[in-house]
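*Asks:* Please see the structure below; I have some questions.
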Amino acid sequence: GESVGLHLPTLSVQEGDNSIINCAYSNSASDYFIWYKQESGKGPQFIIDIRSNMDKRQGQRVTVLLNKTVKHLSLQIAATQPGDSAVYFCAETGSSNTGKLIFGQGTTLQVKP
Amino acid sequence: GAVVSQHPSRVICKSGTSVKIECRSLDFQATTMFWYRQFPKKSLMLMATSNEGSKATYEQGVEKDKFLINHASLTLSTLTVTSAHPEDSSFYICSAEKRAPYEQYFGPGTRLTVT
């Protein structure tokens, strides 16, 4: 079946360092990808998105990279702060056109002060 | 903005009873809402797609008679867990689609505990 997976379940970084969170997706038909941040006990919060016709998109302190050749997605967070500590999920659209999202397993980002 | 609320945020119920969870889009209309379930330290699992004015579309393996969904208006969808059992204990999250497909805004979630 369709799935979106993440390489590392937990990533620990020092405050001020850059973080890179990776995601491997399985459906080459997916044309839209989203990164979400979920803090404990809360719903997911949109961070950044990218369409399949792009390789890179930058936001404030965050960058998403898409490599369609190897079906790989990454989220880079610059100057990581304690407030960035959360679980990060990538999501893809899959092959349907129903608005449904397929979520990856999540990476927990721990920021050490 | 695009704010989605859920009520209640936490609920504890006894086994065999039913629980209703509300999902509201506060500042926009949503013809489509989604219900997810999330186990501890796990990802979000889509349960069903809720469409205003029509029946919900359930994902494979989700019992539609157990998880009743009603999308009564463009700002409200409800999920009723009928005859709840301890294995139904979970974090239930809804999302509302604002304009374009995949533009989903998530609620804060509802923690259901069945004793």
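The values are calculated or read from the model by the stated rules, or taken from the named source; none is laboratory data. Remember, it's a predicted structure, so these values are computed and weren't measured experimentally. Here Cβ is always computed from backbone atoms with ideal geometry, including for glycine, and neighbour counts include all displayed protein chains.
*Asks:* Taking into account only those residues within the stretch B:32-54 that are assigned to a loop (DSSP other than H, G, I, E, B) and within 10 Å of chain A (Cβ to nearest Cβ), which is modelled with the lowest pLDDT?
*Replies:* B:41
*Asks:* Tally time: how many residues in the stretch B:55-85 are farther than 23 Å from residue A:89 by Cα and either of a type in the set (Lys, Arg) or assigned to a strand (DSSP E or B) (or both)?
*Replies:* 17
*Asks:* Can you go through A:108, A:63, A:80 and tell me which one is out of contact with any helix residue (DSSP H, G or I) (no Cβ under 6 Å at 6 or more places or on another chain), hydroxyl-bearing (Ser, Thr, Tyr), away from chain B (no Cβ under 14 Å) and part of a strand (DSSP E or B)?
*Replies:* A:63
*Asks:* Also, I was wondering about something else. In the stretch B:64-76, what residues are out of contact with any Asp or Glu (no Cβ under 8 Å at 6 or more places or on another chain) and either under 18 Å from residue B:109 (Cβ atoms) or among the β-branched types (Val, Ile, Thr) (or both)?
*Replies:* B:67, B:69, B:75
*Asks:* Let me ask another. For the subset of the stretch A:1-15 comprising residues that are modelled with pLDDT of 95 or more and out of contact with any Ser or Thr (no Cβ under 7 Å at 6 or more places or on another chain), which member is surrounded by the most Cβ atoms within 10 Å (Cβ to Cβ)?
*Replies:* Ranking the candidates gives A:12 first.
*Asks:* While we're on this one: Considering only the stretch B:3-39, state which residues are touching an Asp or Glu at 6+ places or on another chain (Cβ under 7 Å) and either free of Cβ contacts under 8 Å to residues at least 24 places away in the same chain or polar (S, T, N, Q) (or both).
*Replies:* B:6, B:31, B:32
*Asks:* Ok, one more. Under 7 Å by Cβ, and 6 or more places apart or on different chains, what pairs join a residue from the stretch B:90-115 that is within 10 Å of chain A (Cβ to nearest Cβ) with one that is of a type in the set (Asp, Glu) and outside any loop (DSSP other than H, G, I, E, B)?
*Replies:* As it stands, the answer is B:103/B:97; B:104/B:97, since those pairs meet every condition given.
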